[in-house]
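What follows is a single structure, written as structure tokens, with notes after it.
The values are calculated or read from the model by the stated rules, or taken from the named source; none is laboratory data. All values reported here derive from a predicted model rather than from experimental measurement. Cβ placement follows ideal geometry from the backbone for every residue including glycine, while neighbour counts extend to all protein chains displayed. These area figures cover heavy atoms from the full protein model, side chains too; ligands, DNA and RNA do not enter into them. Shrake-Rupley method; radii C 1.70, N 1.55, O 1.52, S 1.80 Å.
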Amino acid sequence: MSLKEDLKEMIVRECDKDIEPSNIADDDIIFDPKHPLELDSLDSLQISMALQNDYGIRLTDPKETRRVMESINSLAKHIESNR
């Protein structure tokens, strides 16, 4: 499984969303209120904790967190550059 596919599955699982991970495009703005995921600030916290547990990535700066969690592409890029 690719990193991007793994991230999609992790987000759906951790945020308890009823959407197929394959329906999330790599470049979707995942915190857009119009996105089918309907992610909110609590979901952001869930994703942050999962990133720390699964990948050892710790996001502490809110501005950086927003930038990193913009899309699956930005999440994957951040993880790959910080491994």
Next on the checklist: If you count only protein heavy atoms and use a 1.4 Å probe, how large is the accessible surface of Asp27, to the nearest 10 Å²?
Outcome noted: 110 Å²
Checklist outcome for this item: Among Ile29, Ser74, Met10, the residue whose Cα sits farthest towards the positive end of the charge dipole of the chain (+1 at Cβ of Lys and Arg, -1 at Cβ of Asp and Glu, taken about the Cα centre) is Ser74
Checklist entry - So if we plug the beta-carbon distance of Asn82 and Thr60 into 1/(1 + (r/R0)^6) with R0 = 22 Å, what FRET efficiency do we get, rounded to 0.05? => result 0.95
Checklist entry - Among Ile57, Ile30, Ile11, whose mean-square fluctuation peaks in a Gaussian network model of the chain (Cα, cutoff 10 Å)? => result Ile57
Item to check | Cross-link reach list, lysines versus Lys4, counting only Cα pairs under 18 Å and skipping chain neighbours closer than eight places | outcome: Lys17, Lys77
Checklist entry - So what's the net charge close to Asp26: Lys and Arg +1, Asp and Glu -1, counting the other residues with Cβ under 13 Å from its Cβ? => result -2
Checklist outcome for this item: About its Cα centre, region 26-73 carries a charge dipole, from +1 on Lys and Arg Cβ atoms and -1 on Asp and Glu Cβ atoms, whose size in debye to the nearest 20 is 240 debye
Checklist outcome for this item: In debye to the nearest 20, the charge dipole size for the chain, taken about the Cα centre with +1 at each Lys and Arg Cβ and -1 at each Asp and Glu Cβ, equals 360 debye
Checklist outcome for this item: With a 1.4 angstrom probe the carbon and sulfur portion of accessible area for region 24-73, in percent, totals 47 percent
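Check each of the trypsin sites (Lys or Arg not before Pro) in region 1-68 and keep only those in coil by DSSP with at most 16 other C-beta atoms within 10 angstrom; list them in order. Don't skip to the answer; put the middle values down first.
Details: sites: Lys4, Lys8, Arg13, Lys17, Lys34, Arg58, Lys63, Arg66, Arg67; in loops: Lys17, Lys34, Arg58.
Counting only loop positions with at most 16 other Cβ atoms within 10 Å, the trypsin sites (Lys or Arg not before Pro) in region 1-68 are Lys17, Lys34, Arg58.
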Checklist entry - So what J values fall out for region 50-66 if you push phi through Karplus, 6.51 cos²θ - 1.76 cosθ + 1.60 with θ = phi - 60°, rounded to Hz, Gly and Pro as x? => result 5, 4, 5, 5, 7, 10, x, 9, 10, 10, 10, 8, x, 5, 5, 4, 4
Next on the checklist: For Cα pairs less than 8 Å apart in space and 6+ apart in sequence, what is the mean separation divided by the residue count of the chain, i.e. the relative contact order in percent?
Outcome noted: 33 percent
